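To start, the structure itself, in structure tokens.
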Amino acid sequence: MQEVLLSIWAGLPVFMVHSGVSLLILVFGAFIYTKVTRHDEIALIRDGNVAASLSYGGAIVGLALPLAFCLSASVSVWDIVFWGIIALVFQIIAFRLADLFMKGVSKRIEDGEMSAAVMLVSVKLSTAFINAAAISG
């Protein structure tokens with residue numbers, strides 16, 4: 001039992017740093033994502049717009065998934081930072097491509113159109129799954 005406690009004690013600082021950096025990247029990425037889209041997700045969610053909530057939730061999960069896979073394969077904090085930034089960039093690109101494909105996705109989300117939100121979440125999660133697999137190698 002003592003070996004287990006010593007092992008946990010030795011690994012705890014690394015766990016805290018890696019988890020903390022990952023959570024900061026997630027919060028920062030979610031904030032940046034709201035600034036890149038043409039609609040204000042937070043205001044729409046506060047007003048009860050379910051489509052905006054679904055879309056924003058998909059963006060957050062889409063950022064968290066590659067970060068989680070990165071955590072399992074990382075050798076340093078810089079791995080997490082590097083891949084976290086790349087995951088954010090890919091999520092923004094995915095949003096832009098979905099906007100081109102669906103024509104006016106921000107307006108459709110503002111209007112509460114669930115079909116646009118579901119399609120956007122599908123694009124975000126598909127991108128996240130591919131990014132996560134590529135990161136973990």
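For the chain, with every protein chain kept in place, what is the accessible area per residue (1.4 Å probe, Å²)?
Value for the chain: 58 Å² per residue.
Mind listing the phi-derived Karplus ³J(HN,Hα) values for the stretch 109-119, rounded to whole Hz, using 6.51, -1.76 and 1.60 with θ = phi - 60°, and x for any glycine or proline?
In residue order, the calculated couplings are 5, 4, 7, x, 6, 5, 4, 5, 5, 5, 5 Hz.
When the chain is treated as a GNM, springs tying every alpha-carbon pair under 10 Å, which of Gly29, Gly48, Gly62 comes out with the largest mean-square fluctuation?
Comparing Gly29, Gly48, Gly62 in the GNM, the peak value goes to Gly48.
For the chain, which whole percent of the accessible surface, found with a 1.4 angstrom probe, sits on carbon and sulfur atoms?
74 percent
Applying the Karplus parametrisation 6.51 cos²θ - 1.76 cosθ + 1.60 with θ = phi - 60° to the phi angles of the stretch 76-86, what ³J(HN,Hα) value in whole Hz is obtained for each residue in order, glycine and proline being reported as x?
Ordered by residue, 3J(HN,Hα) equals 7, 5, 5, 4, 5, 4, 4, 5, x, 5, 4 Hz.
Just need log10 I(q)/I(0) for the chain at q = 0.15, 0.21 Å⁻¹, Debye formula, equal scatterers on the alpha-carbon atoms, no solvent, rounded to two decimals.
Calculated log10 I(q)/I(0) at the listed q: -0.71, -1.14.
Can you run phi through the Karplus equation (6.51, -1.76, 1.60; θ = phi - 60°) for the stretch 62-74 and list ³J(HN,Hα) in whole Hz, with x for Gly and Pro?
Working through the residues one at a time gives x, 7, 5, 4, x, 4, 5, 5, 5, 4, 6, 10, 6 Hz.
Using a 10 angstrom cutoff on alpha carbons, build the Gaussian network for the chain and name the most mobile of Phe95, Phe15, Phe69.
Phe15
Would you mind telling me which residue in Val105, Val123, Val17 has the biggest mean-square fluctuation in a Gaussian network model of the chain, where springs connect alpha carbons within a distance under 10 angstrom?
With Cα springs under 10 Å in the chain, the top fluctuation among Val105, Val123, Val17 is at Val17.
Relative contact order, percent, of the stretch 24-131 when contacts are C-alpha pairs under 8 Å separated by at least 6 residues?
The value is 39 percent.
Could you pull the Cα extents of the stretch 1-42 along its three principal axes, largest to smallest, in whole Å?
Each principal axis gives a Cα extent; for the stretch 1-42 these are 55, 13, 8 Å.
Can you give the accessible area of Ile8, probe radius 1.4 Å, in Å² rounded to 10?
Spelled out: Ile8, probe radius 1.4 Å, area about 100 Å².
The values are calculated or read from the model by the stated rules, or taken from the named source; none is laboratory data. None of the values given here were measured: they were computed from a predicted structure. Accessible surface is based on the protein model in full, side chains and every heavy atom, while ligands, DNA and RNA are left aside. Shrake-Rupley method; radii C 1.70, N 1.55, O 1.52, S 1.80 Å.
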